[in-house]
Amino acid sequence: MQLIIFSKMENIANQKEYRVLFVCLGNICRSPAAEGILKDMVSKAGLSNKISVDSAGTSGYHEGSLPDERMRKHGRMRGYDFCSLSRKFRSSDFDKFDIILVMDDSNYDKIMRLSPSVEDEKKVYRMADFLQHLSADHIPDPYYSGDEGFEFVLDLLEDACTGLFNKLRNGEL
Ligand code: 4NP
């Protein structure tokens, strides 16, 4: 038992630090859900002081709002409390974060245009590239969909967050 605790403490001490930012269009559906899911994984692994997680939108349409009530409801059905307030992405976020994950090509193009340097561009990843079991080339916007659209987005985000978390835990990014 002592050995297990010591080995876990050693793993945490060696854990590389990351500041992770998820980005979508409105910052009320996909990116706050990804934020809540990854935070849950990080917290359960005891790594909250090593891996910080935030989210933002390429638009400021919903600045200051809680996540969409439909996303909150579907999140609650899986045990999450999505409660971050929407804010717009700024180019200074490139200084504040190590990893920036976008949900679709439109997010990707907008964020890349705001990148201050070629070095900063290397921080931008597509969330769909971390999918383990499901297959998709982007995380679709569920805003105009029904219940199945929100459930599908949560399936994709849980799968991709698992792949992402494994890489963060192993210091692979
Ligand atoms: P999100 O979804 O980008 O996943 O937050 C959307 C939320 C709001 C709008 C579009 C997408 N909107 O047009 O207001």
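So, with +1 on the Cβ of K and R and -1 on the Cβ of D and E, and no other charges, what is the size of the charge dipole of the chain about its Cα centre, to the nearest 20 debye?
Using Cβ point charges on Lys, Arg, Asp and Glu, the chain gives about 560 debye.
For region 78-160, which GluC sites (Glu not before Pro) are both in a DSSP coil and crowded by at most 14 other Cβ atoms within 10 Å?
Details: sites: 119, 121, 148, 151, 158; in loops: none.
Qualifying residues, ordered by number: none.
Are there any trypsin sites (Lys or Arg not before Pro) in region 63-100 that are in a DSSP loop and have at most 13 other Cβ atoms within 10 Å? List them by number.
90
Given contacts defined as C-alpha pairs under 8 Å and at least six residues apart, what's the relative contact order of region 17-169, whole-number percent?
RCO, region 17-169: 27 percent.
Counting other Cβ atoms within 10 Å, keep those with at most 14, restrict to DSSP loop, and tell me which GluC sites (Glu not before Pro) in region 35-78 are left. Numbers along the way, then the final one.
Numbers: sites: 35, 63, 69; in loops: 63.
For GluC sites (Glu not before Pro) across region 35-78 that sit outside H, G, I, E and B with at most 14 neighbouring Cβ atoms in 10 Å, the list reads 63.
Just to be sure I understand: with springs between alpha-carbon atoms less than 10 Å apart, which residue in 112, 77, 103 has the highest mean-square fluctuation in the Gaussian network model of the chain?
Per the Cα network of the chain with a 10 Å cutoff, 77 tops the list.
Just tell me which aspartates and glutamates come within less than 17 Å, Cα to Cα, of residue 96; anything on the same chain fewer than 8 places away is out.
17, 35, 54, 119, 120, 121
Please list the radius of gyration and Dmax for region 17-169, considering alpha-carbon atoms only, with Å as the unit.
Answer for region 17-169, Rg first and Dmax second: 14.1, 41 Å.
What lysines does residue 73 reach when the alpha-carbon gap must be under 24 Å and sequence neighbours fewer than 8 apart in one chain are set aside?
Excluding near neighbours in sequence, the set is 39, 44, 88.
Quick note: the coordinates plus some simple rules give every number you see, no bench work behind them. Remember, it's a predicted structure, so these values are computed and weren't measured experimentally. So basically every Cβ, Gly included, is an ideal-geometry build from the backbone, and we count neighbours across all protein chains shown.
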